[in-house]
Amino acid sequence: MLPLIDYRQAPPLALIGLNRAPVNALGHALRQELQVAVRQACADPAIQAVVIHAPALPFSAGADISEFGHSRFTAQPSLPELLIELAASPKPLIAAINTLALGGGLELALACGYRIAAPNARLGLPEISLGLLPGAGGTQRLPRLIGVEPALALMQSGQPISAARALELGLVDCLASRAETLPDEACAYAHALLARQAAPFPDYPHPDPGQTVSASFFADYLHQHQGSWKGREAPRTLLEAVHTACQQPLAAGLAHEQALFMAAIDSPQSQALRHLFFAEREAGKVPGIEASLPLRPIRQVAVIGAGTMGGGIAMNFANRGLPVVLLEQTREALDRGLAQIRNNYEISARRGKLSAAEVEQRMACLTGSLDYADLAEADLVIEAVFESMAVKRQVFTTLDAVCKPGAILASNTSTLDIDAIAACTQRPQDVLGLHFFSPANVMRLLEVVRGQATAPDVLATALKLGKQLGKLPVVSGVCYGFIGNRMLEPYSREAYHLLLEGASAAQIDRVLTEFGFNMGVLSMYDLVGIDVGYLIRTPMRAILSQDPSYCRLADELYALGRYGQKSGRGTYLYAGRERQDDPEVQALAERLATELGITRREISDQEIHERCLFMLINEGLKILDEGIALRAGDIDLVWTCGYGFPDWRGGPLHYAEQIGLAHVLATLQKYRTQLGDYGALWFQPAALLERLVAAGQTHISR
């Protein structure tokens with residue numbers, strides 16, 4: 001009896017159906033049963049060929065990641081051991097791939113002599129997204145099957161490809177005409193193989209894959225790509241494994257691949273990326289909101305504001321075929337917004353990502369309006385106007401009057417109090433925050449801000465809709481800046497204060513980019529707009545600080561009209577997007593330091609690292625302790641998906657665990673003493689951090 005295998009005989013064929021819901025993850029139990037089933041078929045003289053398929057589930061989404069680090073992962077048969085055995089089968093094995101063959105699932109198919117796929121199947125080796133490399137033969141068998149360059153491209157990208165593309169590459173041998181007929185066509189293919197007395201495992205098209213590339217290929221590849229890898233280790237390890245495939249026999253290559261994989265799985269980078277993998281799956285779970293809760297239907301959407309943010313938000317819905325009313329105050333602003341949306345789509349079309357027909361289909365979903373009355377039938381209205389409480393209160397007062405009962409009213413505010421906005425309406429239960437990140441049609445993060453009165457079904461509807469839009473929705477409570485921007489405040493505050501104390505802008509940004517950020521915080525503000533930061537700080541200044549040095553340099557840059565890239569001057573000087581240091585900013589920092597009584601000194605890279613990043617961590621711990629974030633993983637997702645924190649470090653709070661909570665606390669206490677009045681004001685360790693360290697905890701929990 002094999003509970004995870006549907007074993008059927010149709011002599012001369014055996015059909016082995018994988019049946020481990022939901023995605024046939026290749027955990028230990030399924031591996032054991034698959035081995036038993038294949039051995040049974042091979043021992044049966046009535047069976048001449050075996051079809052491995054998944055009758056009611058995806059073929060396989062890969063290894064069971066929850067087993068990583070557990071004894072079950074390496075328990076016999078391990079996946080590499082099982083696939084070596086399958087590849088040596090004395091009878092042809094045919095993989096019938098429906099829906100998905102990812103990671104270990106594709107490696108299972110590669111261990112079969114033959115592959116047929118449904119036309120809608122997706123195939124890929126995404127291990128690199130977890131800081132790993134394929135560890136069950138992928139780096140060795142794939143180059144021999146399709147050649148080094150396409151194999152490397154597939155594994156380095158981690159992105160799945162279509163069945164049609166897999167056929168072009170030679171990754172699969174043929175396609176079924178329809179997904180529904182895949183089982184029958186797989187059996188017919190098996191009969192055809194038997195009729196022509198096909199070998200159990202055919203010769204590889206590229207038995208010596210190194211012959212498909214030049215002698216300098218691997219050195220050239222490393223030189224070309226290592227800059228974009230930044231601090232990631234997995235791409236380099238993967239390259240080494242493929243290089244081995246070009247130098248060693250298959251058996252030796254498989255052994256080396258396995259050694260590299262086991263080293264990678266124990267690496268801090270893979271642990272960090274797996275932390276984010278599981279955090280993403282937890283993010284949608286909100287206490288008190290059951291999966292059975294009825295959701296509000298969203299059939300028509302309205303977006304108020306056709307600027308960069310509003311237009312990007314509207315595109316998300318048009319991309320999914322939902323009708324959107326885009327509201328503006330003036331015809332000029334509306335026409336400009338619609339034109340920009342069309343231009344964005346046409347850029348995608350020129351890059352081959354959309355057809356001309358798809359551009360028109362998406363534009364047809366958009367209707368411009370200058371009249372709030374046109375929002376009367378909208379199921380969801382998202383406000384994306386100027387970041388001013390007075391302006392937003394006016395908008396929501398109007399929405400309360402014109403929108404139908406049950407409509408969800410959302411604000412795209414990045415910092416303002418959702419409860420204060422909701423109080424302008426007679427329906428606060430229908431109000432929440434939907435904080436999209438710019439560019440809204442590209443960025444994956446969506447902060448879903450739950451107000452004090454937000455109804456459970458409104459929150460649940462927003463979370464489901466966010467996923468349908470391809471976003472990563474993360475729930476936040478109400479506070480200044482929510483999760484992301486509240487943590488950005490101390491991170492950027494320290495950067496600007498370090499400029500006054502003697503560090504240069506280039507040094508600060510270099511330390512942060514060497515840590516793994518795509519850009520330093522000062523470069524980021526030049527890109528976003530120093531004026532934007534000033535306007536956000538101004539109404540909150542009384543709450544944020546009475547410190548006269550607080551973001552003083554940034555305020556002076558604003559007063560000088562140095563708004564960043566858009567004005568050609570910010571913290572840096574710009575010629576196009578090329579930036580260079582500006583002696584005027586250095587002189588300004590020196591003057592302000594004198595006025596404020598700050599003694600300038602040489603600042604070490606270590607101090608920049610600790611003050612910027614440890615204050616970021618500290619604020620995250622305060623947010624967690626206050627219940628603004630539901631869990632530490634949510635905070636890590638916000639910062640890796642929305643603010644460029646290197647995902648291979650796992651996010652700010654996971655990074656704090658890696659370097660040691662006691663070390664973080666001791667360092668904050670050090671600066672609290674060393675920095676005098678400034679340290680006493682700002683470097684107060686989070687109470688949660690103090691409690692965790694006092695209790696000897698090494699992992700963050702409330």
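The values are calculated or read from the model by the stated rules, or taken from the named source; none is laboratory data. Not measured: the values here are computed from a predicted model. Here the Cβ positions follow ideal geometry from the backbone for every residue, glycine too, while neighbour counts run over all protein chains shown.
Across the stretch 194-247, which residue is surrounded by the fewest Cβ atoms within 10 Å (Cβ to Cβ) among those that are under 30 Å from A46 (Cα atoms) and touching a Gly at 6+ places or on another chain (Cβ under 9 Å)?
By that ranking, first place goes to A199.
Considering G312, G288, G337, G307, the condition of being more than 27 Å from V532 (Cα to Cα) and not aliphatic (A, V, I, L, M) is satisfied by G288 alone.
Any residue in the stretch 431-447 that is in a loop (DSSP other than H, G, I, E, B), closer than 21 Å to R393 by Cα and at pLDDT 95 or above? Don't jump to the end; show me each part of the working.
The first filter runs over the stretch 431-447 and keeps only residues in a loop (DSSP other than H, G, I, E, B), leaving 437-444.
Keeping just the survivors that are closer than 21 Å to R393 by Cα gives none.
No; the residues of the stretch 431-447 include none that is in a loop (DSSP other than H, G, I, E, B), closer than 21 Å to R393 by Cα and at pLDDT 95 or above.
Only one entry of R537, R552, R562 meets the criterion of being touching a Gly at 6+ places or on another chain (Cβ under 6 Å), of a type outside the set (V, I, T) and surrounded by 15 or more Cβ atoms within 10 Å (Cβ to Cβ), and that entry is R562. In the stretch 679-697, the residue that is surrounded by the most Cβ atoms within 10 Å (Cβ to Cβ) out of those that are aliphatic (A, V, I, L, M) and in a helix (DSSP H, G or I) is L689.
Only residues that are in contact with a helix residue (DSSP H, G or I) (Cβ under 7 Å, 6 or more places away or on another chain) and either at pLDDT below 95 or among the aliphatic types (A, V, I, L, M) (or both) were counted in the stretch 85-105, giving 9. In the stretch 651-696, the qualifying residues are those that are within 19 Å of S549 (Cβ to Cβ) and among the aromatic types (F, W, Y), and the one that is farthest from the chain's Cα centre (by Cα) is Y678. For the stretch 668-702, the candidate set comprises residues that are basic (K, R) and free of Cβ contacts under 8 Å to residues at least 12 places away in the same chain; within that set, the residue that is nearest to R631 (Cα to Cα) is R691. Within the option set A453, A460, being free of Cβ contacts under 8 Å to residues at least 60 places away in the same chain and either among the aliphatic types (A, V, I, L, M) or assigned to a strand (DSSP E or B) (or both) holds for one residue only, A453.
Are any residues in the stretch 328-369 of a type in the set (D, E, K, R), closer than 18 Å to A384 by Cβ and surrounded by 17 or more Cβ atoms within 10 Å (Cβ to Cβ), and if so, which ones? Steps first, please.
Here is the first cut: in the stretch 328-369, the ones of a type in the set (D, E, K, R) are 328, 331-332, 335-336, 342, 346, 350-351, 353, 358, 360, 362.
Subsequent filtering for residues that are closer than 18 Å to A384 by Cβ retains 328, 332, 335-336.
Listed by number, the list holds a single entry, E328.
Residues that are in the same structural domain as Y678 (by TED's automatic domain parsing) and at pLDDT 90 or above number at least 2 in the following helices (runs of 4 or more DSSP H) confined to the stretch 534-602: 552-559, 583-596.
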